[in-house]
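Step one of this worksheet: look at the structure below.
Laboratory data are not the source of any read-out in this text; all were calculated from the coordinates shown. Only a predicted model underlies this, so the values are computations on that prediction, with no experimental measurement involved. Cβ atoms come from the backbone with ideal geometry, glycine included; neighbour counts cover every protein chain shown.
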Amino acid sequence: MPMNMIVCCKQVLDPEAPPASFKIDPASNTVLQPPGVPPVVSPFDEQAVEAALRIKDSQGGKITVLTLGNNLLRDVVKKPLSMGADELVLLEDEVFEGGDSWSTAYALAMAIKKIGEFDLIFCGRQAADWDAGQVGSGIAEILGIPSITVAKKVEAIDGKVRVERVIADGYQVVEVTLPALITVTNELGEARYATLKGIMAAAKKQPTIWKPVDIGVEPSQIGAAGRRSKLLKLFQPVREGKCEIIEADTPAEAGANLAVKLRDAKLI
Amino acid sequence: MAEFKGVMVYGETTEGKLTALTTELLGCGRRLADELKEDLLCILVGEQLGEAPQSAIVYGADKVYTVEDPLLKEYQTDSYVTVMEKAIKDISPQILLLGQTAIGRDLAPRLAFRLGVSPSMDCLELNIDPDTKLLQGTRPVYGGNARAIFVSESLPQMATVRQKAMSPLEPDESRKGEIAPIKVELDPAKIKTKVIETVKEEVEGIKLEDAEAVVAGGRGIGGPEGFKELEELAKILKGAVGASRPPCDNSWVPDTLQIGLTGKIVTPELYIAVAISGSSQHLSGCSGSKNIIAINKDAEANIFKEARFGVVGDWKQALPAFAAKVKELLAG
């Protein structure tokens with residue numbers, strides 16, 4: 001059965017950027033874009049695209065990607081298209097900025113209602129910037145559909161979906177009726193690379209752009225105005241950085257000296 | 001509308017016992033309740049709760065609500081959210097704390113959206129603002145690169161709490177409290193998900209979360225064979241083996257060994273990081289360790305900023321010599 005799928009993807013600061021490049025502007029409580037490190041699609045969201053593509057590979061279907069923000073970089077947000085997704089819808093407007101999980105989930109859910117027909121919605125388990133992991137569950141709650149979070153495997157079987165959900169000591173196999181929302185975790189495995197053909201096809205595709213009025217929401221319900229939580233302070237934890245490097249002529253000697261050092265410090 | 005009163009802990013149990021994190025939540029909840037001069041409530045949900053309700057009192061609760069039903073044998077989003085929605089509306093606590101666990105990270109957001117409130121997830125610290133009396137939650141963001149303090153005025157104020165971030169109270173068998181069973185009608189037709197099976201992927205030996213010594217390997221280990229050497233060292237130290245994300249994502253080791261933001265949180269006495277660069281997301285899972293030891297060939301690796309002792313060099317040469325010397329010292 002071909003599946004109609006929607007994947008929510010967020011453009012974020014590259015989480016693989018060197019930790020030393022991470023800087024905060026304390027006056028505005030915001031993170032500064034590190035120079036020379038372009039933003040990326042949040043890696044968990046890329047894996048959500050991968051989960052949808054695996055289903056499309058096995059039984060066909062259509063994948064619509066939904067991204068919310070402002071001044072979104074086309075090269076970044078088009079990446080899911082170059083991986084094999086079919087359509088891209090951008091919720092792009094300055095009033096979408098500065099949102100929290102509440103206002104973001106609300107806007108995405110309203111956009112999904114406008115898209116209308118769907119069997120499955122995929123999200124990453126959490127965005128690689130705020131790491132809250134609420135938007136997926138929030139969309140499902142607003143739409144009134146079941147949700148399964150932290151999935152490492154998703155298979156469609158007989159009009160249902162079977163999911164392996166990661167738990168502390170292993171995983172649970174959970175079945176859910178459609179339509180449903182699934183959030184995807186990194187244990188799903190690496191997302192596929194874009195192919196040259198995919199990149200060329202993506203370059204030709206124009207995203208559909210929706211403003212708040214297109215999805216029937218008031219500016220007071222979305223972005224910063226629609227928040228239900230307030231950020232009081234953003235700061236970087238202080239690292240002490242007092243590491244004693246064991247010096248020796250060879251790594252093997254250093255290894256042996258390390259053992260003696262740990263013994264002297266009563267750590268072993 | 002009912003007045004919002006009391007601090008409530010959503011407790012988790014395994015085999016009729018409170019989980020360690022639940023006792024930590026009760027310890028934290030007790031402090032918050034005392035500051036607000038209110039009661040500490042606990043809610044336990046499951047098929048059979050055994051001695052757990054009494055145990056919640058021993059660990060600090062004034063009143064324990066219990067919901068027992070065969071339909072609640074396993075956690076399922078639909079049934080548990082229904083139970084908690086009913087309980088929160090009836091009891092109306094002003095604060096609800098959950099653990100950042102497989103259950104908590106699923107239940108908290110969905111319940112919050114149903115109640116119209118905004119939770120702070122994965123908190124490391126919780127405090128009451130002395131002026132506003134509102135709950136302030138401090139949580140890691142940006143993969144552990146930064147921390148953020150959040151507050152929400154919508155009630156109940158909800159937060160999930162990371163393992164080992166809070167301390168439990170000393171158990172006090174003489175504490176008195178009330179146990180109040182509550183009944184919630186569940187309609188099986190409304191439970192859209194079905195748990196087919198639960199697969200345990202426990203590794204042999206000491207559990208990673210409980211080990212006093214952890215030997216963890218990263219991308220630089222290069223494959224599953226290298227982890228055998230780490231296992232040898234872990235055996236000598238009577239500890240457990242862990243990993244950063246790349247070895248798990250590449251299936252060199254089971255996913256359950258992952259330490260970090262999206263894996264396990266460990267706080268051993270000794271944490272030996274081998275060929276781990278020390279990304280913020282990994283450090284989120286191990287920075288609570290008492291002593292971090294790093295072996296890495298890159299002198300600039302971030303892990304050295306967290307480590308107490310370090311060896312700069314190829315682990316393939318340093319580790320066998322280190323393990324042999326440790327074995328010799330422990331034998332002598």
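A straight line joining the Cα centroids of the stretch B:264-313 and the stretch A:29-49 runs 25 Å.
Pull up the DSSP beta bridges for the stretch B:72-217 and report the antiparallel fraction as a percent, rounded to 5. Taking every DSSP beta bridge with both residues in the stretch B:72-217, the antiparallel ones total about 60 percent. Please say if the protein assembly as shown is rounded, prolate or oblate, where rounded means a/c under 1.5 for a ≥ b ≥ c the square roots of the C-alpha gyration tensor eigenvalues, and otherwise the choice is prolate for a/b larger than b/c and oblate otherwise? The shape class here is oblate.
For chain A, modelled as a GNM with alpha-carbon contacts under 10 angstrom, which of A:Val213, A:Val77, A:Val166 fluctuates the most? Highest fluctuation of the listed residues: A:Val213. Suppose we keep just the DSSP beta bridges with both residues in the protein assembly as shown; what percent of those would be antiparallel, to 5? Counting only bridges with both partners in the protein assembly as shown, antiparallel ones make up about 35 percent. Hydrodynamic radius of the stretch A:3-226 by the Kirkwood approach over all distinct alpha-carbon pairs: 17.7 Å. So in the stretch B:1-113, what percent of DSSP beta bridges are antiparallel if you round to the nearest 5? That works out to approximately 10 percent antiparallel. Taking 0.36 nm per residue of separation and subtracting the current Cα-Cα distance, fully stretching the chain between B:Asp314 and B:Ile196 would add 37.9 nm.
Could you tell me which of rounded, prolate or oblate describes the stretch B:70-218, using a ≥ b ≥ c as the square roots of the eigenvalues of the alpha-carbon gyration tensor, with rounded for a/c under 1.5 and, failing that, prolate when a/b is larger than b/c and oblate otherwise? Judged from the Cα gyration tensor, the stretch B:70-218 comes out rounded (a/c under 1.5). Summing charges over all other residues whose Cβ lies under 14 Å from the Cβ of A:Asn70, with Lys and Arg as +1 and Asp and Glu as -1, gives -1. Across chain A, the relative contact order, built from alpha-carbon pairs under 8 Å that are at least six residues apart, equals 23 percent. Taking a sphere under 12 Å around the Cβ of B:Ile149 and counting the other residues whose Cβ falls inside, with K and R at +1 and D and E at -1, yields a net charge of +2.
Spatially, the stretch B:317-331 and the stretch B:81-128 are offset by 48 Å when compared through their Cα centroids. Net charge of the neighbourhood of B:Lys176, taken over other residues with C-beta under 13 Å away and scored Lys/Arg +1, Asp/Glu -1, is -3. Compared with the direct C-alpha span, the chain from B:Asn291 to B:Thr132 gains 53.4 nm at full extension, assuming 0.36 nm per residue. Approximating the spin labels as points 7 Å out from Cα along Cα→Cβ, the B:Ala189-to-A:Lys230 distance works out to 4.5 nm. Of B:Ile95, B:Ile196, B:Ile128, the residue with the greatest mean-square motion in the GNM of chain B, using alpha carbon springs below 10 Å, is B:Ile196. Compactness ratio for the stretch B:47-143: Cα radius of gyration over 2.2 N^0.38 Å (N = residue count) comes to 1.19. When the square roots of the Cα gyration tensor eigenvalues are ordered a ≥ b ≥ c, the ratio a/c for the stretch B:168-231 is 1.5 or more and a/b does not exceed b/c, which makes its shape oblate.
Distance from the Cα centroid of the stretch A:192-268 to that of the stretch A:55-125 is 22 Å (rounded to whole angstrom).
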